[in-house]
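The values are calculated or read from the model by the stated rules, or taken from the named source; none is laboratory data. Predicted, not measured: the structure shown is a model, and the values here were computed from it. Glycine gets a Cβ as well: all are built from the backbone with ideal geometry, and neighbour counts include every protein chain shown. To get the accessible areas, we keep the full protein, side chains included, count just its heavy atoms, and leave off ligands, DNA and RNA. Shrake-Rupley method; radii C 1.70, N 1.55, O 1.52, S 1.80 Å.
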Amino acid sequence: MEAPEVRYAQSGDVNIAYSVVGDGPFDVVFIAGWVISALELAWDGPPREFYERMASFCRLILFDKRGTGLSDRVSDIPDLETRMDDVRAVMDAVGSERAGIMGVSEGGAMTALFAATYPERTAGAVLYGTYPTTLSRDDFPWGATREEIDEAIRERTRRWNEDGFLERYLSEGFGPSFAGDEEAGRWWRRLLLTSSSPGAVNQLSRMNVDLDVRHVLPSIRVPTLVLHRRDDDSPEIESGRYIAERIPGAEFVELEGRDHIWFWNPGQIVDEAERFFRGLWDRGEWSAVEQDRVLATVLFTDIVGSTAKAAELGDRGWRELLERHHSVVRRQLVRFRGTELDTAGDGFFASFDGPARAIRCARAITETVGELGLEVRAGLHTGECELMNAKVGGIAVHIGARVASAAEPGEVLVSQTVKDLVAGSGIAFEDRGATALKGVPGEWKLYAVESV
């Protein structure tokens with residue numbers, strides 16, 4: 001099989017390189033891990049067998065993540081939300097309305113978020129050798145400390161072009177079964193050096209440090225298969241079990257072996273992926289079904305001191321000012337792809353398919369209404385929402401409203417979940433500590449948006 005032609009999909013102002021191989025009855029989008037390019041040079045090495053076997057039963061869609069491989073280099077760090085937009089752009093370019101999504105290693109977080117946010121476009125998800133967060137947490141002790149990760153990033157960036165370093169990275173880390181295979185080592189070095197520069201490696205690695213999709217896992221409502229090799233320690237198999245236990249109905253399969261890299265013994269992974277995806281197709285589960293739940297970011301805003309302002313202006317003056325306020329808010333919602341769900345008096349309730357867009361919208365609203373002589377407070381939360389006649393409801397909505405009520409005048413306040421999902425966006429926060437939210441169990445860590 002020849003390497004497929006490389007084409008480009010436009011995602012905003014960035015060109016995303018992609019290829020399509022195979023003509024199976026259904027589509028599978030493959031999301032490679034870390035900075036590894038999935039195109040051209042990958043076909044000259046071990047991944048070829050993986051691709052050919054996958055393409056034997058599906059139409060396989062490959063792409064290079066922005067900032068890597070043949071896709072446009074970017075000056076800023078791409079967050080998961082932006083990367084999800086890239087996946088949708090590639091799917092649209094190849095005419096794929098719904099696909100299986102297969103993410104490996106670092107690509108697993110994006111797969112999880114995409115499946116939870118766009119279940120109507122995700123027939124099923126396969127996660128191989130992946131993790132929800134890189135940092136060790138109270139309920140996730142298999143990560144590393146920030147200091148350990150920072151040191152590893154510094155060493156990797158410093159030694160990226162050092163003779164023998166990348167080859168050892170393969171044989172001692174990602175693929176110990178390749179130890180002693182000089183040809184594979186040389187190919188691996190060429191692949192990484194053409195996939196990413198040291199600066200991009202540094203940026204993308206630092207984005208992953210703060211990434212945390214643990215709260216997203218219970219919101220994934222599409223069929224999911226989690227694969228992990230028993231003796232893989234990058235990450236450990238407990239990471240795979242953790243993910244599978246928290247995704248409703250997920251299947252976990254433990255594979256033999258110690259190699260993290262997906263193109264070593266590819267049949268082992270492909271056989272499970274084919275069984276899973278073919279099963280969905282044969283059972284007629286590939287067609288889009290009506291979804292009653294989806295992951296969304298909810299935004300609440302309200303005008304500070306509205307009663308006093310109304311008394312000051314009188315009924316007519318207040319009504320005119322309120323109309324101007326509503327016009328300003330609605331312009332920002334359109335600008336940031338928000339959906340207006342309700343307007344109660346002087347407040348807005350809206351939803352977004354990405355938390356970074358929601359934050360930027362909230363910040364724009366707080367700034368622009370100031371030109372009207374008004375102050376608003378805003379609050380955001382990301383969680384699983386119930387879809388009810390073009391509206392959304394559920395506990396996530398109540399949490400979002402409570403977060404907003406805790407905000408100071410002119411402040412945009414977000415939950416921990418929102419903060420964790422916008423790693424790499426460049427948005428800065430100030431810790432507001434933990435607080436109780438009325439009617440919501442437990443304490444909630446809140447953060448004020450400092451800059452966007």
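Tabulated results
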| quantity | calculated |
| --- | --- |
| Residue in segment 374-392 that is within 15 Å of A448 (Cβ to Cβ), outside any helix (DSSP H, G or I), in contact with a helix residue (DSSP H, G or I) (Cβ under 7 Å, 6 or more places away or on another chain) and open to solvent by 40 Å² or more (accessible area, probe 1.4 Å) present | yes |
| Residue match in segment 303-321 (condition: crowded, with 16+ Cβ neighbours inside 10 Å and polar (S, T, N, Q)) | yes |
| Some residue of segment 286-297 being within 18 Å of F30 (Cβ to Cβ) and modelled with pLDDT under 95 | yes |
| Residue satisfying all of: in segment 249-289; of a type in the set (D, E) and in a helix (DSSP H, G or I); most open to solvent (accessible area, probe 1.4 Å) among these | D282 |
| Residue that is under 30 Å from G12 (Cβ atoms) and in contact with a strand residue (DSSP E or B) (Cβ under 7 Å, 6 or more places away or on another chain), where the choices are R293, R335 | R293 |
| Qualifying residues in segment 411-452 (those that are polar (S, T, N, Q) and in a strand (DSSP E or B)) - the one least open to solvent (accessible area, probe 1.4 Å) | S415 |
| Residue selected from segment 321-357 under the condition under 21 Å from the mean Cα position of the chain (by Cα) and aliphatic (A, V, I, L, M), by the criterion nearest to N389 (Cα to Cα) | A350 |
| Criterion: in contact with a Pro (Cβ under 9 Å, 6 or more places away or on another chain) and under 23 Å from L280 (Cβ atoms) - qualifying residue of M91, M84, M54 | M54 |
| Residues being over 21 Å from G129 (Cβ atoms) and either within 13 Å of the chain's Cα centre (by Cα) or surrounded by fewer than 19 Cβ atoms within 10 Å (Cβ to Cβ) (or both) - total across segment 58-76 | 5 |
| Residues of segment 40-69 classified as more than 20 Å from A273 (Cβ to Cβ) and at pLDDT 95 or above, total | 1 |
| Hits in segment 87-101 - residues which are open to solvent by less than 10 Å² (accessible area, probe 1.4 Å) and touching a helix residue (DSSP H, G or I) at 6+ places or on another chain (Cβ under 9 Å) | V87, M91, S96, A99, G100, I101 |
| Test: residue in segment 13-28 that is touching a Pro at 6+ places or on another chain (Cβ under 6 Å), open to solvent by less than 40 Å² (accessible area, probe 1.4 Å), under 28 Å from E285 (Cβ atoms) and outside any strand (DSSP E or B) | no |
